[in-house]
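Visitor: Take a look at this one; I'll ask things after.
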Amino acid sequence: MADAIKTLCPYCGVGCGLEVLPPARSGQATQRDATGAPMWKVRGDRAHPSSQGMICVKGATVTEAMDRDRLKYPMMRDSLDQPFQRVSWDEVLDRIVQRIQAVRDADAICMYGSGQSLTEDYYVAQKLLKGCLGTNNFDSNSRLCMASAATAYTQSFGSDGPPCCYEDLELTDCAFLIGTNAAECHPIVFNRLHKHCKKHAHVKLIVVDPRRTQTAEAADLHLAIRPGTDIDLLNGIAYLLMQWGAIDNEFINDCTENFSAFATVVQHYPPDLVAQRCGIPVAELETAARYWSQSKRVLSLWLLGLNQSIEGTAKIRTLINLHLMTGQVGQPGAGPFSLTGQPNAMGGREVGGSATQLPGYRFVNNPVHRAEVERFWQLPPGRISPRHGRTAWEIITGLEAGEVEVLWIAATNPAVSLPDLARSHAALRRSPFTIYQEAYYPTETAAFAHVLLPAAPWGEKTGTMTNSERVVTLCSAFRSPIGEARPDWKIFAEVGRRLGFADQFPYTDAAEVYAEFVQFTRGRPCDMSSISHDRLRHQGPVQWGNSDRNVELGMMNDELADSIQNSKSKAQHSPRLYTDRRFPTPTGRARFAAYHARGLAEPPDEAYPFVLITGRVYGHWHTQTRTGRIEKLRQMYPQPWLEVHPIDAKHFGVQTGDLVEVRSRRGMAQFPVRVTEAIAPRTLFVPMHWGALWADGGEANALTHADACPDSLQPELKTCAVQLLRVPTEPLAVELRPVASAQAGTSSSLSPELSSSKTHR
C-alpha cells in the first residue's frame with residue numbers, strides 16, 4: 001500500500017494530525033461510501049504533537065463526504081428567481097471582474113471568509129481586498145467565534161496568541177473550564193486533560209456551565225451559574241483571593257498595571273451577593289476560590305460561552321485578571337487558554353483575516369502598519385484604507401442600506417450561522433451580486449447567490465493551518481480536485497490578475513504564497529519567518545512562540561528593550577509565551593481590566609420568560625455542510641432537540657418527544673422536547689447545527705439576536721429570551737435530494753430542494 005499522506009483534521013481548532021491512505025488496490029477489499037465511491041482511509045497521526053494519534057468520530061469519517069453532493073462546475077444566473085446555468089471559468093471570471101470594475105467605491109465590495117480556509121487562501125484574499133482593491137471589508141465567520149478572545153488577549157497582553165500549549169493539560173494542578181463543553185466540542189483536548197485528572201488525585205477540575213454537560217459530569221466542582229453571570233462569578237473569586245491574601249504581589253508590582261482599578265471594582269462582589277446573582281451556594285463559590293488559591297498551576301480554558309456575548313471581551317479579561325493576580329501566566333501547567341472553534345481560526349488571525357487587521361498581527365488603524373504592508377505588497381502609499389472594514393453583521397446592515405454592491409462569500413454558510421436569520425436572509429436577498437465559493441451543493445447560502453464557484457476542499461489542495469496551541473501543520477493534498485474545482489487562493493489570485501494586478505499575484509503554487517506571507521511575521525509576536533512548506537513536509541508540525549519571537553523594540557524604552565533581549569535566551573525553547581514575564585505592550589506590563597457585570601443583552605421578562613442557550617454536539621460540525629452528508633453522523637443526530645427541565649415540562653404539559661414552538665422577538669422554530677434535569681428551570685438548550693436543508697423549522701439562529709460586544713463586535717449568539725408554545729402535530733422532516741445529475745448538464749436549477757419526510761436527514 002502507498003505511504004500515508006499526513007494532513008490535519010479540518011474540523012475544530014484542536015488540530016489533530018491525520019494520516020490518509022488511498023483506497024485499496026484492485027483485488028483487495030475496498031471500503032466504499034454511501035454513493036459507492038471508493039473511500040480514502042483515515043487514521044490518527046501518532047507523530048503529531050497535538051493529538052498523539054487520537055481522533056474523534058468526525059475526523060475518523062471525514063473522507064466519507066468527499067464525493068457527496070459536490071459543486072463541480074462554475075454556475076451563474078442573473079437573478080435569484082432564475083435557474084443556474086453552467087458556464088466556463090473564463091465566463092464566470094469575466095463576469096466577476098466586470099462587476100467589481102463597475103463599482104465606483106471600493107467600500108461597496110465585501111468578502112466574508114472562513115476559519116476553515118487554509119492560511120494561503122486567507123492571505124491571497126487579504127492582498128486582493130485590502131491591498132489591491134483598497135477596502136478592508138473582509139471579515140470571516142471567526143467574528144462569530146473567536147473575536148472576543150483575540151481582542152481580550154490583545155488588550156490584556158499587548159498581542160493576540162494563546163500563551164499556553166497542550167502540554168499544560170498534563171501539568172496543571174487545577175483546570176478551570178468556563179463556557180466550554182470540551183468533552184463534546186474539543187474531545188481530544190478534553191481526553192488528555194481528563195486522563196491527567198484521573199491519574200493524579202490532587203488535580204481539581206472546575207466546570208462553569210449552566211448545563212450539566214458531559215464535561216460537567218467529570219468535574220470535581222460544577223458551578224451551574226445563571227446565564228450571563230460569568231463576570232459576577234469571576235469577580236467573586238477575585239474578592240475571596242484578595243481577602244485571603246492569595247495573590248502574587250511581586251508579579252502584580254513588577255509585571256502588571258491597573259491593578260488598583262481592578263481591586264476597587266472587586267470590592268463590590270462579596271460572596272453573598274455573587275452567590276445570589278449566580279444562583280449557586282456560597283460554599284461552591286468558596287470551594288472554587290480555594291481550589292484556585294491552593295494550586296500552584298491553574299489552567300483556564302474557554303470557548304463560545306464567554307466569547308459569544310455582549311460582554312465577551314470583558315468576561316475573558318476578567319478571567320485573565322485571576323491569572324495576573326496569582327502570577328499564573330507563562331509557566332508550565334498554567335495560563336488563560338482560549339480553545340479555538342475552527343481548524344484555522346489562529347491562521348486567520350495571524351494573516352489579518354478580519355475587518356480590523358493586517359497580516360502579522362498588524363492593525364488597519366495603525367499608519368506604520370499600513371505603510372509596512374503597502375511597501376511589502378509594492379502598492380502606492382495610502383492604498384490601504386485607514387478605516388475599519390465591515391464586520392460580519394455590518395455586511396448585513398450594509399446590504400440593507402444598499403451600500404454593498406458585491407458580496408463574495410467563501411467556505412462558509414452564513415444563511416444558517418448568522419444571527420436573526422429572517423433579517424439576515426432578507427438582507428442577502430437584496431444583494432445586487434453575490435459570489436459563493438464552496439465545495440458542496442446544495443447549501444442554504446447557495447439560494448442567495450448569483451455565481452457559484454467550485455472550490456477544492458480539504459484533501460484536494462495543499463496549504464497550512466495553525467491550531468489552538470500555535471502549531472502550524474502542512475495539510476497535503478492527497479487527490480486531484482473533482483470536476484473543475486480550484487483551490488480558493490488560485491481563484492482569488494486569478495481575479496486579481498484579471499483586474500490588472502498581475503505583479504501582485506505571481507504564485508505558481510501554495511508554497512510560494514506561504515513563503516511570502518511568513519515574511520510579514522518577521523519581528524512580530526507571531527514570528528513564523530523560519531517556517532516553510534518544505535520544513536513542515538520534512539520536519540513535521542512547528543509551533544511558533546518564544547523560539548521564533550522577536551518583539552518589536554522600537555516602541556519600548558531602552559531599559560525595557562535590553563531586559564527583553566537578555567531574557568530571550570531563557571525563553572528560547574519554551575512552547576509557552578511570556579515565560580520572561582514581559583509582554584508586548586509599550587510598558588512591557590500586562591494590563592488588568594476593571595469591569596462590572598452587565599448581564600445578558602436580552603434578559604427574560606414576562607413576555608419571553610425563558611433563556612435559550614445554543615451550543616454544539618459531538619458528532620456535527622457548524623452547519624453540517626460536510627457532516628450532514630456522512631451517514632454515521634446523521635444517524636447519531638437525526639434531528640435537533642430542545643432540552644427542558646421537568647418543572648417546565650410539567651407546567652406546559654409536554655414530555656420527551658413532544659413538539660414545541662420556541663419564539664423570540666425575531667422569529668420562531670420548532671423542536672422535539674428532551675426533558676432533562678441537566679438544564680436549570682427557565683433555561684432551555686438547543687444545538688445550532690441544523691439549517692433548512694436538514695431540519696424543517698429547527699433553525700436555532702432564527703431566534704438569536706445580533707447585539708454584540710462593543711470591543712470585539714462579536715454577536716451574543718449564545719443566549720436570547722424566548723417563550724414556549726406546545727404544537728399538537730408532528731414535525732415535518734426534511735430530506736436532501738441528490739443533485740449530482742443536475743450538474744452534469746449544461747443547464748440546471750441548483751436551488752435547494754426540500755421535501756416532507758418522516759425521516760430527518
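Visitor: With a cut-off of 18 Å, note down the residues of region 415-450 whose backbone N falls inside the zone around a label point 7 Å from the Cα of Q98 toward its beta carbon.
Guide: Counting backbone N atoms under 18 Å from the label point, the list is 432-436, 450.
Visitor: Which net charge results when you count Lys and Arg as +1 and Asp and Glu as -1 among the other residues whose beta-carbon is under 12 Å from that of I647? Walk me through the numbers before you get to the answer.
Guide: On the way: positive: K650, R682; negative: D648, E677.
Counting the neighbours of I647, the net charge comes to 0.
Visitor: Please list, in chain and number order, the residues 5+ apart from I280 or on another chain whose amide H is under 5 Å from its amide H, with Hs placed from the backbone.
Guide: none
Visitor: Hey, rough spin-label estimate for T264 and D503, points 7 angstrom out along Cα→Cβ, what's it come to in nanometres?
Guide: Computed distance between label sites T264 and D503 equals 5.5 nm.
Visitor: Compute the distance in nm between two label points, each set 7 Å from the Cα along the Cα-to-Cβ direction, one at R682 and one at K198.
Guide: 3.8
Visitor: Identify all lysines with a Cα-Cα distance to K127 below 23 Å; exclude those on the same chain that are fewer than 8 residues away in sequence.
Guide: Excluding near neighbours in sequence, the set is K461, K490.
Visitor: Let me ask you something else. Ranked highest first by the average count of other Cβ atoms within 10 Å around their residues, in what order do 515-523, 83-91 fall? Walk me through the numbers on the way to the answer.
Guide: Values: 515-523: 19.2, 83-91: 15.7.
Descending mean neighbour count gives 515-523, 83-91.
Visitor: Fewest to most neighbouring Cβ within 10 Å: what's the order for V124, V298? Write down the numbers at each step before the final one.
Guide: Numbers: V124 30, V298 25.
Lowest count first: V298, V124.
Visitor: Once both labels are modelled 7 Å past Cα along the beta-carbon direction, what's the E606-F652 spacing in nm?
Guide: 2.1
Visitor: Using a Förster distance of 51 Å, how high is the FRET efficiency between Q294 and D81, based on the Cβ-Cβ distance and rounded to 0.05?
Guide: On the way: r = 66 Å, r/R0 = 1.29.
Efficiency for this residue pair is about 0.20.
Visitor: Oh, and also: Relative contact order for the chain: what percent, with Cα pairs under 8 Å and sequence separation of 6 or more?
Guide: Working: 1780 pairs, mean separation 140.6, N = 761.
Computed value for the chain: 18 percent relative contact order.
Visitor: May I pose another question? Using a ≥ b ≥ c from the Cα gyration tensor of region 313-434 (square roots of the eigenvalues), is it rounded, prolate or oblate, where a/c under 1.5 gives rounded and otherwise the larger of a/b and b/c decides, a/b for prolate? Mind dumping the intermediate values first?
Guide: Working: a/c = 2.44, a/b = 1.34, b/c = 1.82.
It is oblate, given that a/c is not under 1.5 and a/b is not larger than b/c.
Visitor: Using a/c under 1.5 as the rounded threshold, could you call region 154-339 rounded, prolate or oblate? The axes a ≥ b ≥ c are square roots of the C-alpha gyration tensor eigenvalues, and prolate needs a/b larger than b/c, oblate otherwise. Walk me through the numbers on the way to the answer.
Guide: Values: a/c = 1.37, a/b = 1.15, b/c = 1.19.
Verdict is rounded for region 154-339.
Visitor: A further question on this structure: Looking at the square roots a ≥ b ≥ c of the eigenvalues of the Cα gyration tensor of region 618-735, which shape do they give, rounded for a/c under 1.5, prolate if a/b is larger than b/c, or oblate? Could you put the intermediate results ahead of the total?
Guide: Values: a/c = 1.63, a/b = 1.04, b/c = 1.57.
Since a/c reaches 1.5 but b/c is at least a/b, the shape of region 618-735 is classed as oblate.
Visitor: Across all directions of projection, what mean area in square nanometres is found for the Cα convex hull of the chain? List each step's numbers first, then the result.
Guide: Working: hull surface 125.1 nm².
For the chain, averaging the hull's shadow over all directions gives 31.3 nm².
Visitor: For region 142-184 and region 665-700, compute the distance between their C-alpha centroids and round to whole Å.
Guide: 28
Visitor: Using the Karplus curve 6.51 cos²θ - 1.76 cosθ + 1.60 with θ = phi - 60°, what ³J(HN,Hα) values do you get for each residue of region 447-454, in whole Hz, with x for Gly and Pro?
Guide: Those phi angles translate into 5, 9, 9, 9, 10, 10, 10, x Hz.
Visitor: Further question on the same structure: Just want the ordering: L600, L399, from fewest to most Cβ atoms lying within 10 Å of their own Cβ. Please report the intermediate quantities before stating the final value.
Guide: Values: L600 20, L399 23.
Ranking L600, L399 by Cβ neighbours within 10 Å, fewest first, gives L600, L399.
Visitor: Can I ask one more? Taking R0 as 41 Å, what's the FRET efficiency between L171 and A24 from their Cβ-Cβ distance, rounded to 0.05? Walk me through the numbers on the way to the answer.
Guide: Values: r = 42 Å, r/R0 = 1.02.
Computed FRET efficiency for L171 and A24 comes out at 0.45.
Visitor: Hey, another quick one. Taking 0.36 nm per residue of sequence separation and subtracting the Cα-Cα distance, how much length would be gained by fully extending the chain between W89 and E631, in nm to one decimal?
Guide: Numbers: separation 542, 0.36 × 542 = 195.12 nm, distance 3.27 nm.
Between W89 and E631, full extension yields 191.9 nm more.
Visitor: Please report C709, C110 as a ranked list, fewest other C-beta atoms within 10 angstrom at the top and most at the bottom. Mind dumping the intermediate values first?
Guide: Numbers: C709 24, C110 28.
In increasing order of surrounding Cβ atoms, one gets C709, C110.
Visitor: Name the residues whose placed amide hydrogens come within less than 5 Å of the amide hydrogen of I613, ignoring near sequence neighbours (fewer than 5 apart) on the same chain.
Guide: Excluding prolines and chain starts, which carry no amide H, the hits are L684, F685, V686.
Visitor: Moving to a separate point now. Would you kindly calculate the mean projected area, averaged across all directions, of the convex hull enclosing the Cα atoms of region 201-306, in square nanometres?
Guide: On the way: hull surface 28.9 nm².
One quarter of the hull surface, i.e. the mean projection, equals 7.2 nm².
Visitor: Scan around Q543 for amide H atoms under 5 Å from its own, H built in the peptide plane at 1.01 Å from N, and keep only partners 5 or more places away or cross-chain.
Guide: V472
Visitor: To the nearest 500 deg cm²/dmol, what mean residue ellipticity at 222 nm is calculated for the chain from DSSP H runs of n ≥ 4 alone, each contributing -39,500 (n - 2.57), summed and divided by the residues? Can you show the working numbers first?
Guide: Values: 26 runs with 222 residues, N = 761.
One gets -8000 deg cm²/dmol as the mean residue ellipticity at 222 nm.
Visitor: Still on this structure: So in the chain, what percent of DSSP beta bridges are antiparallel if you round to the nearest 5?
Guide: Values: 42 of 85 bridges.
Of those bridges, close to 50 percent are antiparallel.
We did not get these values from a lab; they are worked out from the coordinates using the rules stated. Worth saying up front: this structure is predicted, and the values here are computed from it rather than measured. Virtual Cβ from ideal backbone geometry, glycine too; neighbours counted across all protein chains shown.
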